[in-house]
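Enquirer: My questions will all concern the structure given below.
The values are calculated or read from the model by the stated rules, or taken from the named source; none is laboratory data. Just so you know, these numbers come straight off a predicted model, no measurement behind them. Methodologically, a virtual Cβ is constructed for each residue, glycine included, from the backbone with ideal geometry; neighbour enumeration extends over all protein chains shown. What goes into the accessible areas is simple: the full protein's heavy atoms, side chains included, and nothing from ligands, DNA or RNA. Shrake-Rupley method; radii C 1.70, N 1.55, O 1.52, S 1.80 Å.
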Amino acid sequence: MSKPRVLILRAPGTNCDVETAFAFETAGAAPQVVHINRVLEDAQLFAESQILCLPGGFSYGDDVAAGRILANQIHHHLADALQQFRSDGKLILGICNGFQILIKAGMLLDGGSPEAAPLGPQATLTWNDTGLFEDRWVHLAASGDKSPLLRGIDSMYLPVAHAEGKFVTSTPEVLDQLGEAGQLVLRYTDPASPEDRDVGYPHNPNGSHRAVAGICDATGRVLGLMPHPERFIDRTQHPRWTRGEAADVGDGLAMFKNAVAYFG
Amino acid sequence: MLWEVDIYPASGQPDLAAEALAAEAHDLGLESLQLKAGRGYLIEGKLDRSQIQTIAEQLLADRVVETTVVAEVGAAELHAPPQNNMQAVHVLPKPGVMDPVAESALRAIADFDIEVEAVRTLKKYWLPELSAEQLDLVSKKLLANDAIEQVIAGPLDFDRLQVGDAYTFELQHVAIRNLDDMQLADLSRSGQLYLQLAEMQTIQNYFRELGRDPTDIELETLAQTWSEHCSHKTLAGRIAYEGPVEPDGTVGTRQFENMLKETIFAATLAIRKKLGAADWCVSVFEDNAGIVRFDEQDNIVFKVETHNHPSALEPYGGANTGIGGVIRDPLGTGLGARPVCNTDVFCFAPPDTPADTLPAGVLHPRRVMKGVVSGVRDYGNRMGIPTVNGAIYFDPRYLGNPLVYCGTVGILPRDKSFGAAQADDYIVAVGGRTGRDGIHGATFSSAELTEQSESLSGGAVQIGNAITEKMVLDVILVARDRGLYNAITDCGAGGFSSAVGEMGEKIGAEVWLERAPVKYEGLSYTEIWISEAQERMVLSVSPEQWEALSALCASEDVEATIIGRFVPSGELTLKYHNEQVGRLPMEFLHDGRPPVIRQARYAPQPAETLDLPAPADAYHEELLAILGSLNVASKEWVIRQYDHEVQAGSVIKPLVGAANDGPGDAAVVRPKLTSRRGIAVSCGMNPYYGDLNTYHMAASSIDEAMRNCVAVGADPRQIAILDNFCWGDCENPETLGSLVLAALACYDLAVELETPFISGKDSLNNEFSYVTADGEKQTIAIPATLLISAMGQVESVDQCVTMDLKKAGNVLYLVGITRDELGGSHYAVTQGRTGGRVPQVHVATAKATFLAIHDAIKANLVQACHDLSEGGLAVASAEMAFAGSLGATLHLARVPHDDLVSHPVSLLFSESNSRFLCEVAPDRAADFEALFETIAENGPLLANIGEVTATNRLQILTSENNPLIDVETERLKAAWQKPLAW
C-alpha cells in the first residue's frame, strides 16, 4: 500500500506545519509542506494529494480576524480547486487556525462561498469569552460516525492554544440543524460529568455554543477543530506524564492514523 | 475618496473591549465607566459604495457576530451615538507608526480586484459625558498611548490619509570644530547622541585634523557605535575598584582594563581550558548569541536581551519589539539558528500602587504589566516559538523603569555555526522596510529616563510586525541550508549603521542608502541609516549566490535588496544617489573611542542582625503571607496567555502537577521531534539579596538557576549560563562598585561550578527622574538586578522529573544544609524585618549536591524534586503538596542545619542555597541515601524529614509533634493563586 500523500498548506504566519507533518509521517502518511504561493501559481498541486491539511498558526498575523485573510485568498483563488478536492472524495483537515480558515472560507458550511450563502455565513469562530489567548489542555468527546477522521475515537485529551475559538452560529436554528445533521462532531467536556452537554469555563475554554470544539461539513470529509492533535503524539507531551497518566502513545495520533487508514 | 468602516459587536454579543477598558478605568479611579467600543478602518481610493460594502461585509467584519456602519469620513451616520449623551473618541496610530493590520487589509482587498490607495485602522469609543479633565485622563491613560497613538474627539476631519512628503536631498554638516566643552555637551544631549564629553572631544579632534566638520550621518554613526547599548563601554572599560575581592568579603582593590573580559569571559576561558578536549562550548561572547554543543549534528544557542526603556514608555510595543529583537539574535548567530523556545522575565512596581501616587510621566504599573505581557504574547505566539520559562518580580523601585528581559534558545547545525562576510559580497537587507520608527533607540536606551522621555523619545518606540519576521525566518532557514549567503546578522539597535559596521569591520563597506526599501517617502539618508525599524536582517551575499537568494525570497514575498557592498577599503563609505554623505575609517569607528576610566567602590552593608520574635506556636499566617506575596504567587494568568507548546517539543511545561497549575522549576523542550534529547531552561534572580550584598546575590542567582535546571533532570556538567545586569547609574562609583562585586561573584561561581557564561548583556542607567509637586527633583534607581538564565541538557527527556508530590507513603528528603540566612528573604520582606545574613553559596557542597541529585534522577530514584528558594522549606513543601493534590507531614527537628540555626523561623523560612526537597519511594530510600554519603559537611547533607500523606494537609511538626503549620493544601493554594488571578 502506498502512503497517502498529504499537502500541508502553509502561508505567512503558519507555525504548526512542522509538527503536523511529523504527526502525519508517524501515522504512515507522506506529508509535504507547500507554501500558499505555490498552489496559487498551480492549483493542480492539490490533485497529487489525497489529504489536505491546514495547520495551526497565525496566517497573515490573524490580522483583521483569525484566518480571515487566507480564507479570503482561498475564496477568491482556490475555491474551485478545493471543491473539486472535496468532491473527489478526499479528506480536508483544519486544525486551530486551519479550522478558522475553513469556516471563514465557507468550506465547512455555507456551500463554499458568500454567494452561496446570501443570508450571510451560518457560523464563525470568534473571540474567547475571556478576551484572551489561552493555552490549556481540554477533554473532548467525539460523537457520531460522520467524520472518518474521528472513527473509533470516543474521547481525547488535547491542548488548545487560541484567542478566537468560540463557535457561534448566526441563529439557534442553525445550531440545531448542524446538531441534527451530525456535524457537531467534537465537544469540550468536563471529566467529572462527561454527559453534561454544555460545560463552562475552563473545561470549555472559549465559551463555544454547545461546547463545540470541532465540526465537519455535510460529507463528513472536511473536519475542523480548535484543539491540536499534533501536539499529543508522544507521551512526554502530556502535561502529567511524570505522574504516570500518559499512555504510550498520545491521543492525537489516532486522528492521523484514521486519515491514513481511510485510503488504506 | 476616504471611507470609514466602523465595526461593532452585534446585538447580543459581548463587547469584550469595552469590558476590559471598564475594568482598567476602575484602576484609574473611574468607577463604572460605561462605554462602547468599536474598531474601524479608513480606506482611501476610487471605490464606490457597493465595493466598500463588499469589503466591509466579506473581509473586515464577521457578520455572524458583528455589525458595520459604512460611510464617507465625516458622514452623519458614523456619528450617531449608540445611546443618548455619548461622545465619540477615535484612536489612530500616529503617522509612521507600524499598522500591521492595515497593511494586511490592503493586501487582502487586492484579492477582490478592487484598488485602494491606503488603509489605516482605528479604534472608536463612545464615552458618557465627561468633564474635559476626565476626558483627557481617559484618553491619555486608558484609550491611547501618546507615544504611538493620536486621539481625535468628535468626527474625523480629514479627507485623505497622510503619507510622507517627498524628501529633498541636502547634505548636512554639523559644525563642531569650534565648540567649547559646554557646547559639545549640549550638542550631545540635544542631538540625542548621549555621548560623554571625552568622546565628543575625540570626535572633534578627529575632524579638526581632517580640516572639516562631520556630516550628520558621520556623527550619528559614531554615536550609535559608541553607545553604551552597542559597545558596553562601561563594563568593558577600565575600572578602578575598591571593595571586597574575596568570597569571604576581604577588602582590597582591583584594576580592570576590561572588567567583563577579566571576570565573566575569563571564567569561561578558564573552564574551557580545564575541560580541554571535553570542551562543549563552541562560540562564546563573539556572535549574537552564545553557542554550545548539543548532539552529533547540532549546536544550541541562547541569548537574553533587555528592552527596558521602550517598555517604560509603550509597554506593548516595547515588549513586542523586545521579543522580536531577541529572536533575531539566534537567527543572526552563525549562519542562522532556528528558534526553539523563548523566555521572559519582568520587573514591575506592585500592581496595586495607588494611581494618585504616581509621578508625572509614569504609566500605572498594572497597565505596564498588562501591556508588556500582551506584547510578548502577541509576538512570541505569532512567531510560533513557545514561551516556556520566566519570572516576575515586584518592587516599588521599578516604578518609572520596569525591566523586560526576553530570551530565545535556538538550534543550528554544527557546520552552520560560523559565518564571515567576504570582500566584494553584496550587503543585502532582508525583511521589513525602513521607516522613521525607532530612531535613536540605541542612544536612548543608554540614557536615564525622565518624565519628559515620553515626548522626547517617542520615535524610539515601535510596534512590531511578527508575521514579517516569521516570513524572514522561514526563508532564511532555507537559504542557510542551500548555502545562499556567507554571513548574517540582525538589524537591532543602531539599525543598518550597527549591522553593516559590525559585519564590515575587518573589510570595509560602501552603502547605497537610496536603495533601502522605505515604508513611505520623506526619509533622509541619515534616517535610513540609523532607523531601527523592526524585522530586518542583513546578509553578506556573494554575486554568485545573489540570484538564487533573490528568487527564494521573492517566492515567499520577502523583500531582499542589495544596499551596498563589502569593499576591501577599510572604510565605511555612505552614499546617497552616488553622492558621498559619510566616510569613516573602520578603525576609528570601532577602536577610536577614548577609554572610559571609572571609579568603583563597594562598602559592604554593616552586618545588622534580624530580630526574630520569640518562637511561636504556629506559623501558618507567615506561610500564607509568603505564598500570597506577589513574587511567589502563581503567574498562571500570564503563562496561559503564551503558547508554551507550539513546535510540539514541550516535555516539562511551566505549569505542572495534578491540576496542571503547580509552579515547575524549569521548562524542558525537545528541539528535535526525532530525538529524545532535551534542553532545560531556567532562571535565577534575587534583587532583595542585592540590597544587602551583591556578591551573594549574584552567587545565589547562579545557584538558583542551576538548581532549577538540575531539579528537572539536567546534567549539571553541561549547563551554560547567561548574565543580564540591569543596574542604575554607573557613573556613581557606589552603583558601579556593586556591579563589579557581582561580576567577581560570577567569576568565582562559574569557575567552581564549571558552568560557563556563554553570552550576556547589560543595561545601565535604569533610573527614573521626576520633579515633585514641590519642585524637587527625585530619582528612583532600580535595585541591582542580575538575571542569570540557564540552559541545561537532558540526555533523555523520559528521565525528567516534576515538583508535584506523586504518592502518599513516599519519603521526603531534604537535601542541603539549612543555615541562619533570612537576610533579604521573603519572610523578612513580608514581615517587614530588615537585616540578617544573606544566603551564601558553599560552592564545593553545591557542586557535589547537584551531581548527586542528577545521579539520583538518572537512576530513576526521584518521584518529585523541588528546589528551595523564596520562602524556604515551608513554601517548597506547600507548593509540592498542593501541586500534587496530596498532603505532607514534616518533622522540623530532622532538618539538617548548621550550629547557628535554632529558631523555627530559620528552619521554616531560611533561603539557604543548594537545597532540594525530594520525594522518594520507600523501597528506593536506601539507594537514594547512598548517593549522598560522601558529601557530608560537618554532618550529613540530607535527612528523611517526613512523608507524603493522603490527608490534603501540610503539617510541619516540632520535635514534640506540635504542629507549627497544619493547613489544608487547598487553602495554601488559594492564597498562592489569588494575587495575580486577573
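Enquirer: Please work out which one of (1) in a helix (DSSP H, G or I); (2) over 30 Å from B:Phe850 (Cα atoms); (3) open to solvent by less than 10 Å² (accessible area, probe 1.4 Å) is the condition B:Leu749 fails and give its number.
Expert: With (1) in a helix (DSSP H, G or I); (2) over 30 Å from B:Phe850 (Cα atoms); (3) open to solvent by less than 10 Å² (accessible area, probe 1.4 Å) applied to B:Leu749, the lone miss is (2).
Enquirer: Between B:Asp611, B:Asp661, B:Asp665, which is among the acidic types (Asp, Glu) and more than 14 Å from every other protein chain (Cβ to nearest Cβ)? Break it down stepwise before answering.
Expert: Numbers: B:Asp661 fails: more than 14 Å from every other protein chain (Cβ to nearest Cβ); B:Asp665 fails: more than 14 Å from every other protein chain (Cβ to nearest Cβ).
The conditions single out B:Asp611.
Enquirer: Here's something else I'd like to know. Among the residues of region B:939-958, is any without any contact (Cβ under 8 Å) to a residue 60 or more places away in the chain and over 29 Å from B:Gly684 (Cβ atoms)?
Expert: The answer is no, given that none of the residues of region B:939-958 is without any contact (Cβ under 8 Å) to a residue 60 or more places away in the chain and over 29 Å from B:Gly684 (Cβ atoms).
Enquirer: Which condition from (1) in a loop (DSSP other than H, G, I, E, B); (2) under 27 Å from B:Ser796 (Cβ atoms) is the one that B:Ser902 breaks?
Expert: The failed condition is (2).
Enquirer: What pairs can you find where one residue is in region A:156-170 and open to solvent by less than 10 Å² (accessible area, probe 1.4 Å), the other is of a type in the set (Ser, Thr, Tyr), and their Cβ atoms are less than 6 Å apart, with a gap of 6+ or different chains?
Expert: A:Phe167/A:Ser208; A:Val168/A:Thr124; A:Val168/A:Thr126
Enquirer: In the set B:Thr755, B:Thr785, which member is touching a helix residue (DSSP H, G or I) at 6+ places or on another chain (Cβ under 7 Å), closer than 30 Å to B:Asp611 by Cβ, open to solvent by less than 10 Å² (accessible area, probe 1.4 Å) and among the β-branched types (Val, Ile, Thr)?
Expert: Within the list B:Thr755, B:Thr785, the selection yields B:Thr785.
Enquirer: Go through A:Gly111, A:Gly179, A:Gly144 for me and flag whichever is free of Cβ contacts under 8 Å to residues at least 24 places away in the same chain, under 23 Å from A:Leu93 (Cβ atoms) and either open to solvent by less than 10 Å² (accessible area, probe 1.4 Å) or not aliphatic (A, V, I, L, M) (or both).
Expert: Sole residue among the options that is free of Cβ contacts under 8 Å to residues at least 24 places away in the same chain, under 23 Å from A:Leu93 (Cβ atoms) and either open to solvent by less than 10 Å² (accessible area, probe 1.4 Å) or not aliphatic (A, V, I, L, M) (or both): A:Gly111.
Enquirer: Residues B:Ser540, B:Ser555, B:Ser524: which one is modelled with pLDDT of 95 or more, surrounded by fewer than 23 Cβ atoms within 10 Å (Cβ to Cβ) and not charged (D, E, K, R)?
Expert: B:Ser555
Enquirer: For B:Gly361, state whether it is surrounded by fewer than 24 Cβ atoms within 10 Å (Cβ to Cβ), touching a Ser or Thr at 6+ places or on another chain (Cβ under 9 Å) and either at pLDDT below 95 or closer than 13 Å to B:Ala312 by Cα (or both).
Expert: Working: surrounded by fewer than 24 Cβ atoms within 10 Å (Cβ to Cβ): yes; touching a Ser or Thr at 6+ places or on another chain (Cβ under 9 Å): yes; either at pLDDT below 95 or closer than 13 Å to B:Ala312 by Cα (or both): yes.
The answer is yes for B:Gly361.
Enquirer: Restricting attention to region B:267-292, report how many residues are open to solvent by less than 50 Å² (accessible area, probe 1.4 Å), under 27 Å from B:Ile327 (Cβ atoms) and assigned to a loop (DSSP other than H, G, I, E, B).
Expert: 4
Enquirer: Within region B:404-416, is even one residue of a type in the set (A, V, I, L, M) and in contact with a Pro (Cβ under 6 Å, 6 or more places away or on another chain)?
Expert: yes
Enquirer: If you don't mind, another one. For region A:14-33, which positions are open to solvent by less than 10 Å² (accessible area, probe 1.4 Å) and more than 17 Å from the chain's Cα centre (by Cα)?
Expert: A:Ala29, the sole residue that qualifies.
Here is a yes/no grid of residues against (1) among the acidic types (Asp, Glu); (2) over 30 Å from B:Glu220 (Cα atoms); (3) surrounded by 19 or more Cβ atoms within 10 Å (Cβ to Cβ); (4) in contact (Cβ under 8 Å) with a residue 12 or more places away in the chain:
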{"site": "B:Ile109", "(1), (2), (3), (4)": "no, yes, yes, yes"}
{"site": "B:Ala118", "(1), (2), (3), (4)": "no, yes, no, yes"}
{"site": "B:Ala132", "(1), (2), (3), (4)": "no, yes, no, no"}
{"site": "B:Ile148", "(1), (2), (3), (4)": "no, no, yes, yes"}
{"site": "B:Tyr167", "(1), (2), (3), (4)": "no, no, no, yes"}
{"site": "B:Asn178", "(1), (2), (3), (4)": "no, no, no, no"}
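Enquirer: Can you say whether A:Phe58 is without any contact (Cβ under 8 Å) to a residue 60 or more places away in the chain, facing another protein chain (nearest Cβ under 9 Å) and under 21 Å from B:Ile385 (Cβ atoms), as far as the supplied structure shows?
Expert: Values: without any contact (Cβ under 8 Å) to a residue 60 or more places away in the chain: yes; facing another protein chain (nearest Cβ under 9 Å): yes; under 21 Å from B:Ile385 (Cβ atoms): yes.
So A:Phe58 passes the test.
Enquirer: Let me confirm something: among B:Val73, B:Val5, B:Val69, which residue is under 30 Å from A:Leu175 (Cα atoms), open to solvent by less than 60 Å² (accessible area, probe 1.4 Å) and more than 14 Å from chain A (Cβ to nearest Cβ)? If you could, list the steps in order and put the result at the bottom.
Expert: Details: B:Val73 fails: under 30 Å from A:Leu175 (Cα atoms); B:Val5 fails: more than 14 Å from chain A (Cβ to nearest Cβ).
Checking each option against the conditions leaves just B:Val69.
Enquirer: Considering only region B:336-347, I want to know if a residue exists there that is basic (Lys, Arg), open to solvent by 20 Å² or more (accessible area, probe 1.4 Å), in contact with a Leu (Cβ under 9 Å, 6 or more places away or on another chain) and not in a loop (DSSP other than H, G, I, E, B).
Expert: Checked against the condition, which is being basic (Lys, Arg), open to solvent by 20 Å² or more (accessible area, probe 1.4 Å), in contact with a Leu (Cβ under 9 Å, 6 or more places away or on another chain) and not in a loop (DSSP other than H, G, I, E, B), region B:336-347 yields at least one hit.
Enquirer: Among the candidates A:His77, A:His139, which residue alone is out of contact with any His (no Cβ under 6 Å at 6 or more places or on another chain), facing chain B (nearest Cβ under 9 Å), surrounded by fewer than 24 Cβ atoms within 10 Å (Cβ to Cβ) and not in a loop (DSSP other than H, G, I, E, B)?
Expert: Answer to the check: A:His77.
Enquirer: In this structure, does B:Pro733 turn out to be at pLDDT 95 or above, in contact with a Lys or Arg (Cβ under 6 Å, 6 or more places away or on another chain) and not polar (S, T, N, Q)?
Expert: Criteria met by B:Pro733.
Enquirer: So which residues in region B:223-240 are in a helix (DSSP H, G or I) and either at pLDDT 95 or above or not hydrophobic (A, V, I, L, M, F, W, C) (or both), if there are any at all?
Expert: Those that are in a helix (DSSP H, G or I) and either at pLDDT 95 or above or not hydrophobic (A, V, I, L, M, F, W, C) (or both): B:Gln224, B:Thr225, B:Glu228, B:His229, B:Ser231.
Enquirer: Name the one entry in B:Leu539, B:Leu473 that is touching a residue at least 60 places away in the same chain (Cβ under 8 Å), under 19 Å from B:Leu331 (Cβ atoms), in a helix (DSSP H, G or I) and out of contact with any Cys (no Cβ under 9 Å at 6 or more places or on another chain).
Expert: B:Leu473
Enquirer: Considering only residues that are within 13 Å of another protein chain (Cβ to nearest Cβ) and either over 30 Å from B:Thr67 (Cβ atoms) or outside any strand (DSSP E or B) (or both), which ones fall in region A:142-164?
Expert: Step one: list which residues in region A:142-164 are within 13 Å of another protein chain (Cβ to nearest Cβ), which gives A:157-164.
Listed by number, the residues that qualify are A:Tyr157, A:Leu158, A:Pro159, A:Ala163, A:Glu164.
Enquirer: Quick check on my filter: what residues within region B:265-307 are over 23 Å from B:Cys406 (Cα atoms) and hydrophobic (A, V, I, L, M, F, W, C)?
Expert: Scanning region B:265-307 gives B:Ala266, B:Ala267, B:Leu269, B:Ala270, B:Ile271, B:Leu275, B:Ala277, B:Ala278, B:Trp280.
Enquirer: With the structure loaded, tell me whether B:Ile114 is of a type in the set (A, V, I, L, M), under 39 Å from the mean Cα position of the chain (by Cα) and within 14 Å of chain A (Cβ to nearest Cβ) or whether it fails that test.
Expert: So B:Ile114 does not fit the description; no.
Enquirer: Scan A:Gly264, A:Gly244, A:Gly220 and give me the residue that is surrounded by fewer than 24 Cβ atoms within 10 Å (Cβ to Cβ), out of contact with any Leu (no Cβ under 9 Å at 6 or more places or on another chain) and either away from chain B (no Cβ under 14 Å) or basic (Lys, Arg) (or both). Spell out how you get there, then give the answer.
Expert: Numbers: A:Gly244 fails: either away from chain B (no Cβ under 14 Å) or basic (Lys, Arg) (or both); A:Gly220 fails: out of contact with any Leu (no Cβ under 9 Å at 6 or more places or on another chain).
That would be A:Gly264, the only listed residue that is surrounded by fewer than 24 Cβ atoms within 10 Å (Cβ to Cβ), out of contact with any Leu (no Cβ under 9 Å at 6 or more places or on another chain) and either away from chain B (no Cβ under 14 Å) or basic (Lys, Arg) (or both).
Enquirer: Give me the residue from region A:1-13 that is more than 7 Å from every other protein chain (Cβ to nearest Cβ) and over 16 Å from the mean Cα position of the chain (by Cα) and, out of that set, surrounded by the most Cβ atoms within 10 Å (Cβ to Cβ).
Expert: A:Ala11
Enquirer: Something else: Out of region B:20-44, which residues are farther than 21 Å from B:Asp352 by Cβ and of a type in the set (Asp, Glu)?
Expert: Taking region B:20-44 and keeping what is farther than 21 Å from B:Asp352 by Cβ, we get B:34-44.
Once the filter is applied, which keeps residues that are farther than 21 Å from B:Asp352 by Cβ and of a type in the set (Asp, Glu), region B:20-44 yields only B:Glu44.
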